[in-house]
Amino acid sequence: MNEQGTIFDQILAGKIPADVVYEDDFVLAFKDINPQAPIHVLFIPKVRIKTHNDIDEANMEYVNKIHLAINQYAKQIGEDKNGYRIVMNCNENGQQTVNHIHMHFLAGRQMEWPPG
Ligand code: 5GP
């Protein structure tokens, strides 16, 4: 990751492949390459927002659209009633590894709380 962009910018640009499950004008969602649940999808904004700290009035529509996309996807795959977990990691203590915000969507198994 660097100031030029991240692996997710390359996915957005179509330069590297991803298993896309949802797309609209604001959001792209694709399967995580290292799934932590039977269903593990990453929802990302189509603009670079580096961390949760960088969400502001100007870009928050992208974040709102991620939540709407998640609702639509959860319903589409029939996991809305079973339930799921959404997680956004931030910076070092949050174990964020890609500096382009992404909401992890985890489903298909019983989650544990608190997380490790
Ligand atoms: P973070 O730790 O930043 O919250 O999550 C980054 C996520 O991106 C990880 O779950 C990791 O498996 C996933 N990831 C990293 N590189 C790629 C990639 O090239 N393709 C896909 N589909 N997922 C990736």
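Tabulated data
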item	result
Residue-wise HN-Hα coupling along the range 56-67, computed from phi with Karplus coefficients 6.51, -1.76, 1.60 (Hz; x: Gly, Pro)	9, 4, 6, 10, 5, 4, 5, 5, 4, 5, 4, 5
Long-range amide H partners of Ile49 with built H, under 5 Å	Ile101
Within the chain: Cβ-based charge dipole about Cα centre, in debye rounded to nearest 20 (Lys, Arg +1; Asp, Glu -1)	320 debye
Given Lys15/Lys46; Lys46/Lys81; Lys31/Lys65, the pairs whose alpha carbons are separated by over 20 Å	Lys46/Lys81
Note, ³J(HN,Hα) from phi for the range 70-76, Karplus 6.51, -1.76, 1.60, rounded to Hz, x at Gly and Pro	4, 4, 5, 5, 4, 5, 4
23 Å tail of the calculated P(r), the chain, as % of Cα pairs	26 percent
Exposed trypsin sites (Lys or Arg not before Pro) absent: longest stretch of the chain, with sites in DSSP loops and at most 11 other Cβ within 10 Å deemed exposed	16-80
Mean separation of Cα contacts under 8 Å (6+ apart) over length of the chain, as relative contact order %	30 percent
Nitroxide proxy distance, nm - points 7 Å out along Cα→Cβ at Val87 and Asp24	2.6 nm
Using θ = phi - 60° and Karplus 6.51 cos²θ - 1.76 cosθ + 1.60, couplings along the range 93-109 (whole Hz; Gly, Pro as x)	5, x, 6, 6, 10, 10, 8, 8, 3, 8, 9, 6, 10, 10, 7, x, 7
Loop GluC sites (Glu not before Pro), the range 34-116, which have at most 14 other Cβ atoms in a 10 Å radius of their Cβ (DSSP)	Glu57, Glu112
Long-range amide H partners of Val27 with built H, under 5 Å	Lys46
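Each reported figure results from applying straightforward, stated rules to the coordinates on display, with no laboratory input. What you see is a predicted model, and the numbers here were worked out from it, not measured in a lab. All Cβ positions, even for glycine, are placed from backbone atoms using ideal geometry, and neighbour counts span all protein chains on display.
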